[in-house]
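Here the structure comes first, spelled out in structure tokens, and everything after it is commentary.
What follows is calculated from the coordinates using simple rules that are stated; it is not laboratory data. These numbers were taken from a predicted model, which means no experiment stands behind them. Note: ideal-geometry Cβ built from the backbone for every residue, glycine included; neighbour counts use all protein chains shown.
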Amino acid sequence: MRKLLQKLLSPWVIKLANRYGTRPDSARVHDSLTALYESIRLQPGKRGQLIKLTDQYRIVVFSDQHRGDGTLKDDFVLAEPNYLAAMEYYNVHEYLYCNLGDSEELWENLVLEVINHNKATFEAEKLFLKRNAYIKLFGNHDLYWDNDPLAGFMLQRIFGQKIKVFEGIVFEIPASGRQLSLFLTHGHQGDLQSDGNWFSKWFVSTIWGPLQSFLKINPNTPAYDNQLKSAHNQFMYEWTAKQSNLALITGHTHQPVFNSLTHLERTYIRLDKARKERDQETIQKLEAALLAGNISGDTSPRLKASKNTYFNTGCCCFSDGDITGIELENGIIRLIEWKKNSTGVPQRIVLEEAAIESLLDN
């Protein structure tokens, strides 16, 4: 039956995807980000939360778990041990947890399937909620939380209490006597398929996305297309570069970005520096990591002198089971990775680190 439907429907679906597809457009992305950011600042609580921080804070940001039904098609299965270890660590250390969306893979699975096969991770997230330290956003693959009439009921079933799912967060962070606005959202803003009116978002989450998945047609989003990843990250960076004393953290592309450069780009910069300094130990370590394919990301048109204002969490569904995220702690921002060591025990690794004050305008 699938093959018959593929033959009958694929040409039509591909035609529509090409016409109304998700290929990023700079003006559309920028306008959508601006509208969301201004909405949060002017009407906090409607589309997002506005939170003023003191000098003492601990925040962890993860995105794109894509939790499914526990079968072989479930991208989260291999990453679950690392994710659970991370949840335990950040809860014990009393972090605020911001989940940036695409947490549940609802293009390929029914919501009840996801709930039934991910009880352990939902229980781990409930511990943050009990401390009033959990913020959940929606992405394009879990738009259900934003537009389905039963979403509130399902969320209460998962977490044992009512919970509102937002589109964004703005943290106001003190830094060197000034203030940095840190804007968090999933990153699908400006996407024709999943950032429109109520009906278009309902159509994508309920019909269009599942149909593409069933027909095994590439959904043509940055998460699956390296060229789109770089273009989408570029548009996100260009928007932040126009702002004053603002930094942006997104997910969506599954590609870690720190200080506006991908982790791969920053690795090459460190390798170049080590070679100039003839630091053989660092050279060998970085070359081995590159050779093993352990560095996530692609190169982009951005220059080394980019404004340090765009960050991307990466994802929690890498094919090797590793997960990446962003930490914010008392004036420091970090790109972190959780992966199993040689004995199979999940461990936290700091990949990049910078002072929050370095994100301010000069």
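Side notes on the structure shown:
- Modelled spin labels at Ala289 and Gln56, positioned 7 Å past Cα toward Cβ, are 3.3 nm from each other.
- The residues Met236, Met87, when put in order of fewest to most other Cβ atoms within 10 Å, stand as Met87, Met236.
- Residue exposure sequence - Glu167, Glu281, Glu287 - by fewest surrounding Cβ within 10 Å: Glu281, Glu287, Glu167
- Expressed as a fraction of 2.2 N^0.38 Å, the value expected for a compact globular protein of N residues, the C-alpha radius of gyration of segment 42-116 is 1.35.
- Evaluated at q = 0.16 Å⁻¹, the base-10 log of the normalised Debye intensity for segment 311-362, with identical point scatterers placed on the Cα atoms, takes the values -0.53.
- Charge sum, other residues only, whose C-beta stays under 10 Å from Leu155's C-beta, Lys/Arg counted +1 and Asp/Glu -1: +4
- Entries of Lys46/Lys130; Lys52/Lys130; Lys119/Lys164; Lys73/Lys164; Lys119/Lys285; Lys119/Lys162 with Cα pairs more than 27 Å apart: Lys73/Lys164; Lys119/Lys285
- Local electrostatic count at Glu327 - Lys and Arg +1, Asp and Glu -1, tallied over other residues with Cβ under 14 Å: -2
- In summary, the aspartates and glutamates within cross-link reach of Lys307, defined as a Cα separation below 15 angstrom excluding same-chain residues under 8 places away, comprise Glu238, Glu265, Glu357, Asp361.
- Zone of Arg348's modelled label, taken as backbone nitrogen in segment 67-90 under 11 Å from a point 7 Å along Cα→Cβ: 86-90
- Across segment 37-83, Cα-Cα pairs more than 12 Å apart make up 74 percent of the total.
- Within the shell defined by Cβ-Cβ distances under 15 Å, the residues around Pro346 carry a net charge of -2, with Lys and Arg each +1 and Asp and Glu each -1.
- Proxy reagent accessibility, fewest Cβ within 10 Å first, across Arg334, Arg275: Arg275, Arg334
- Both radii were evaluated on the Cα set of segment 85-174; the Rg over Rh quotient, with Rh as the Kirkwood radius, amounts to 0.96.
- Hull-based mean projected area of segment 62-101, where the convex hull spans the alpha carbons, in square nanometres: 2.9 nm²
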